[in-house]
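Contents: one structure, followed by commentary.
Bear in mind that the values in this text are calculations on the coordinates, not laboratory data. Quantities reported herein were computed from a predicted structural model and do not represent experimental measurements. Neighbour counts run over all protein chains shown; Cβ positions are idealised from the backbone, glycine included.
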Amino acid sequence: MTEAAATQGTEHPAYLAHQFADEAQQFEAASLGMWVFLVTEVAFFGALFACYTIYRHLYFAGFEAGSRLLDWRFGATNTAVLIGSSFTMAMAVRAGQLGRRKGIIGWLTVTMILAVLFLFFKFNFEWAHDYHERLIPGFGFSHPGVHSPAVQLFFCFYFFMTGLHAMHIIVGLGIMAVLLWMAMRGKFDSGHFTAIENTGLYWHFVDIVWIFLFPLLYLVGGRY
Amino acid sequence: MSAAVAEAPPATRVDYLNADYGVKSWLLTKDHKRIALLYLGSITVMFFVGGALAVLMRLHLIDPAGGLVQPDTYNKLFTMHGTIMIFFFLIPSIPAVLGNFLVPMMVGAKDLAFPRINLLSWYIFIAGATLALYALVAGGVDTGWTFYTPYSSTYSNTHVITMAVGIFIAGFSSILTGLNFIVTIHKMRAPGLTWFRLPLFLWAIYATSLIMILGTPVVAITLLLVGLEKWLHVGIFDPALGGDPLLFQHLFWFYSHPAVYIMVLPGMGVVSEVIACFSRKRIFGYSFVAFSSMSIAVIGFLVWGHHMFVAGQSIYAGLIFSLLSFLVAIPSAIKVFNWTATLYQGSISYDAPMLYALGFIGLFTMGGLTGLFLASLATDVHLSGTYFVVAHFHYIMVGGAVMAYMGGIHYWWPKISGRMYPDMWARLAAAIIFIGFNLTFFPQFMLGYLGMPRRYATYPAEFQVLNVMSSAGATILGVGYLIPLIYLIWSMRYGPIAPANPWRAKGLEWTTPSPPPTQNFDVTPVVTEEAYAYGPPRPAAEGAHD
Amino acid sequence: MSMPWLNSALYAALQTLPGIPIAPPRASTVAEGVDELYYFLTAITLFFTITIFTIIFYFMVRYRRRSKEDQPPETVMNLRLELTWTIVPTLLCVVIYVWSASLYFRNSRPPNNAMEVFVVGKQWMWHIQHPEGVREINELHVPVGVPVKLTMTSQDVIHDFYVPAFRIKHDVLPGRYFSIWFQATKTGRFHFFCSQYCGTGHAAMIGWVEVMTADDYAAWLAGGTRGETMTQAGERLFHQYGCSTCHLRDGTGRGPSLEGQFGKPQKLRDGQSPVVDEGFLRRAITQPNSMPIPNYAPVMPSFQGQLNEEQILQLIAYVKSLGEEERKGKSK
Amino acid sequence: MTGHVVPVRVYLAVFVSLLALTALTTWVAFLDLGTIQIGEAHKLDLNTVAALVIAAIKTSLVGLFFMHLRFANRFTRLVVLAGFFWLALLMSFTLGDVNTRHWDAIPAPWTAPAPPAAPATAPAPAVP
């Protein structure tokens, strides 16, 4: 190893991985990687949306009947909560860009509180209620109406899509906890905020999924 | 420089193999080359498990009444053979082994963009493969690798859920590998390495990665839905409960048809490298070959419906899918013509990798052309679901992808292991595989046209002659695959030390010692010429250099 | 494109190949056209395969490496060559596509005068019933020279009805009806297979199509199990299951009259008006409330699980006959 | 390396717009927007269309501002578009099949089967 390379090695910031030539390359790679990952997520949820679309097309009335069994007020509240968390997340990323430790910690904490609130509404009120109403397919589902099979299909998708979404929220909470810990230890003070930026992208994506889930699940019931 | 390194006693030089010792240094490695070897070991195991199942099937089919096993067992044999070979051997084969090893070296980088994710993807693969092997040991799955509902979700009482979850998990390994390659090829190319100086292997890997990240999530979620349906007895794809089995087929083939290109595109990349090297010429029509890879990846996503011509899909959808299926044949044809043209006026040597590559061209040509029979609606009605289909896709996947994989392993083996393999044995094995393969699968084309349906444990006596021929070929093919296993392992210890560039090949991976140091390159290389510059140095380039 | 003499000559040649059978018998009106395309594709495959192999072998020998110092000349890209081998295969593909698609399209619709036979696939056998009431298992008797339309469904998983000698095949799905048709051109026994994997006994779902002369067929029908015709069986079920108590003929019952409904669009409450066909009736029987009809209360119970697929087909045959009687009456 | 720092008021404006659009989509769900008949067998539910349009607007707001796509390079935008494009392919082809499954192969004049006895010498009109 030449002397130049050796000294260059010592100049490397701690967060610069060995395979990258410089910070710009690392940042761009991480950002592109995250976007590509989000594309796979689009395909992942997209397959479910495609199934949903086909069945809603085939069983229009049944899906409307299923949707009417959901309480739109919880859906709307949770939408607001999640949009709020997206906003606070954007603020956390902004704080990261500016290298403000307190800002990062504060906004991340608010985001996490909102995420927990979302899950609390979802599980404690909605899912528990659905269980009592025997609306969970596979767990004693029963629906007396004329559209029973279609309603069961609707609820299959309702639970699978919101469940998968909730899982993403839980994973996001875990990542944010790590970020919080890193922020407290001052890892982002130097303006190296790639991790926050990417978590933000992930979180906004989760928000976007919900932006579609809310009307498609809660509002299509022909409630007029 | 390379010669000097090669002459030095191996013990004095630190390379990626002897940089560290012990199980931990392998299981926790972030070095893309070591991860490639981890993949090589694991998929070799899967290959021979899948191969053993195939041999059992062929032995069973010698007798029309089914000589060896019960029909149930036979059904499990072909299902496990299919799932293991496709999801746990072919899909990771070239990308995860050769791609992992070569992508960073070919772009002139020290590693992939995300080494930790790379290691993670191997662990995910192992988790999925373990579940698949568990399903095999615990009694197998009998749905066919296609998992058609409602048979898989309602009627089969085998380990469908285990297998579905196994494939679901392994899918993420594939996604992460593809993601890593895309970012690496985009962002980590050495100075001077423009897109049109990339080796064609990288173009192929790039196109493959696109399919991996865009298609795999769909099949993952679909198989998860099948698992859920079976577990909870709900009817997502079961018509008795309101589901649509054709929707399953759409989602399944949306990935699983492009998956064929995941298997064969990297093989095309390997063949481009090998042909160029052993005829000492630049690949004819470089940009056409490069763009054909990309167009295969894109058009390949639009043809999945040709698996469903007789499945109950709308006949108008069938008409469109048929047209698009014909279109995807064109880029493949362009590649074959360009490879052949590359040989013209070359300096062709018959080293083992070249024999595999030329075998690939021939077999892939046949596989591709017989695909036309299945893309055209009227003949597909007769041929779909018969042995014609079996023969066709084995020509693509075994005659194509596996031949290329073997060729690639032989071509880069000196770089990977630092040792040479016995050349005569390698050529002999290549010849045996070529002959055995054709004997096994050519009769199956005739069987299919004759009308023998696939997945039959027993069959009417009029099909026996061709079946016996096929089984005889399978034994030869099996021997052909065992020979390289033996001599490659032998060569790791006893083979002659390989120089840095035994084939006098072009490409960044040959400019570094064999085996390469952990960091691949001591100095980041600067690329000043196009790929495959085998010809005399161009005056213009020289002038620019001075 | 049509060269009948070549087609027949090739077929004859393949039949006489000693020892190894490699061409299935050709016994339907469709088979000849499919074979013609098949031979054409085979010719293309052989042409390109042989050309590529020959060129590769020639180059391998002609340009083999003679010394390590060989310095092959640089080849520059030849755009004209590239375009040639892009455009020629494209044109070839278009030709094949148009040929195959029109053949398929033409073959996909049964002639209007086809006689109907009903096929129900179940693990692992084929139940076949003729409108005259004769039922058979894994055997299908048909007259030669008459178009036959098979209306098929499955009782459990996906099967596939495949007659190699007729070059026809279609998947048989539970809950849906699919039709294929053929017109046999010669008498004899021909295999049919299940060609969609369906479980343990998949390979045992084999049967024979017995193509007979018109006289033999008539004799066979007469000598077969004399029972009621499908329409009569359907009528019996119609009363047995109480359908007749609501679906009164004059339309005053709790359900709509079924008289003359078959083949006409039926307006549903959600505003759609699908045509009443076999699939519509099957759904009306198994999931009546998924398709409520204006002016009628959704009170009909589902008969899913109470009727097997063959009985449903008999009911459908009966409902169809209600329409036919009216149509005949009108024409008289 | 800090990228584009967006002013807080932009974020706030986006946040408020998103909330407003959520309210709007909820409100619209309670109005009967009716349907559009397409052909004989299909109809388009305008409530669903409205819901999806609003969701798409919300998505673009989140994408452009919160996810900084507005300030991102062309390639990143291409990646995002590719994802949605592929999804559109999956959906359109599958829906296309589902929607045309009941279409019969109505023989066009050029495919009308020729009577087996007389070889068609002139393009005969389709005989019912």
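Odds and ends about this structure:
- Distance in nm between pseudo-label sites at C:Asn308 and B:Val69 (7 Å out along the Cβ direction from Cα): 3.2 nm
- Centre separation in Å (Cα based) which lies between segment B:403-471 and segment C:69-122: 27 Å
- Under the simplified labelling scheme, the A:His57-A:Phe74 pair shows an inter-label distance of 3.0 nm, with each label point 7 Å from Cα along Cα→Cβ.
- Cα-based shape type of segment C:1-117, given that a ≥ b ≥ c are square roots of the gyration tensor eigenvalues and the cut on a/c is 1.5: oblate
- For chain A, the longest site-free run once trypsin sites (Lys or Arg not before Pro) in DSSP loop states with at most 13 other Cβ atoms within 10 Å are removed: A:1-133
- Ranked list, fewest to most other Cβ atoms within 10 Å of each Cβ, for B:Glu509, B:Glu273, C:Glu259: C:Glu259, B:Glu509, B:Glu273
- Relative to the longest principal axis of the Cα atoms of chain B, the long axis of helix B:352-375 lies at roughly 30 degrees.
- In this structure, the residue pairs whose Cα-Cα separation is over 23 Å, taken from C:Lys264/D:Lys43; C:Lys169/C:Lys320; B:Lys30/B:Lys415, are C:Lys169/C:Lys320.
- Dipole moment magnitude, nearest 20 debye, the protein assembly as shown about Cα centre, only Lys, Arg, Asp, Glu C-beta charged: 1400 debye
- When each full DSSP H helix of chain A is screened for a Cα extent of at least 15 Å along its own axis and an average Kyte-Doolittle hydropathy of at least -0.5, the helices passing are A:23-58, A:72-97, A:101-119, A:148-184, A:194-213.
- Ranked C:Cys246, C:Cys194, criterion: other C-beta atoms within 10 Å, fewest first: C:Cys246, C:Cys194
- Mean separation of Cα contacts under 8 Å, 6 or more apart, over the residue count of chain A: relative contact order %: 32 percent
- DSSP-defined antiparallel bridges as percent of all bridges, the protein assembly as shown, nearest 5: 70 percent
- Annotation for C:Tyr296 and B:Asp423: the two label points, set 7 Å from Cα along the Cα-Cβ direction, are 8.4 nm apart.
- Here segment B:160-265 is treated as an ellipsoid with the same Cα gyration tensor; its semi-axes, largest first and in whole Å, are 36, 13, 9.
- Stokes-Einstein D (µm²/s) once Rh is taken as the Kirkwood radius of segment C:143-194 over alpha-carbon pairs, at 4 °C in 1.567 mPa s: 111 µm²/s
- Tail beyond 28 Å, pair distance distribution of chain A (Cα, percent): 42 percent
- Annotation: average projected area of the protein assembly as shown is 50.4 square nanometres, based on the convex hull of Cα atoms across all directions.
- Ascending count of other beta-carbon atoms within 10 Å, so fewest first, for B:Leu439, D:Leu52: D:Leu52, B:Leu439
- Dividing the mean sequence gap of close Cα pairs (under 8 Å, 6+ apart) by how many residues chain B holds gives a relative contact order of 19 percent.
- Label point at C:Asp70 placed 7 Å out along Cα→Cβ; residues across segment B:341-359 whose backbone nitrogen lies under 15 Å: B:341-355, B:358
- Mean separation of Cα contacts under 8 Å (6+ apart) over length of segment B:293-362, as relative contact order %: 31 percent
- Gyration tensor (alpha-carbon) shape descriptor, segment A:20-115, a/c threshold 1.5: oblate
- Across segment B:373-416, the convex hull enclosing all Cα atoms gives 59 Å³ per residue.
- Compactness of segment D:1-67 is given as radius of gyration and Dmax, 16.7, 58 Å, from Cα positions.
- Once the Cα atoms are used to define both axes, helix C:79-107 deviates from the longest principal axis of chain C by about 30 degrees.
- Sequence-distant lysines (8 or more away, or on other chains) whose Cα lies within less than 16 Å of B:Lys335: B:Lys281
- Once the Cα atoms are used to define both axes, helix B:387-396 deviates from the longest principal axis of chain B by about 10 degrees.
- Cα-based shape type of segment C:230-331, given that a ≥ b ≥ c are square roots of the gyration tensor eigenvalues and the cut on a/c is 1.5: rounded
- Given R0 = 45 Å, the distance between the Cβ atoms of B:Thr528 and C:Leu46 translates into a calculated FRET efficiency of 0.45.
- Seen from all directions on average, segment C:115-223 presents a Cα convex hull projection of 5.9 nm².
- Rounded to the nearest whole Hz, the Karplus-based 3J(HN,Hα) values (6.51 cos²θ - 1.76 cosθ + 1.60, θ = phi - 60°) of segment C:304-309 follow the sequence 4, x, 8, 10, 8, 4, with x at glycine and proline.
- Diffusion coefficient of chain C by Stokes-Einstein, Kirkwood radius over Cα pairs, 10 °C, 1.306 mPa s: 66 µm²/s.
- If you wrap segment B:30-533 in the convex hull of its Cα atoms and look at it from every side, the mean projected area works out to 21.6 nm².
- Ellipsoid semi-axes for segment B:224-332, based on the Cα gyration tensor and the rule √(5λ), read 38, 17, 8 Å when sorted largest first.
- Antiparallel %, DSSP beta bridges [both residues in chain C], to 5: 65 percent
- Only lysines eight or more places from B:Lys76 in sequence, or on another chain, were considered; those with a Cα closer than 19 Å are B:Lys230.
- Segment B:351-474 - Kirkwood radius from inverse mean 1/r over Cα pairs (Å): 15.5 Å
- Annotation note: chymotrypsin sites (Phe, Trp or Tyr not before Pro) in segment D:1-60 located in DSSP loop regions with a Cβ neighbour count of at most 16 within 10 Å are D:Phe30.
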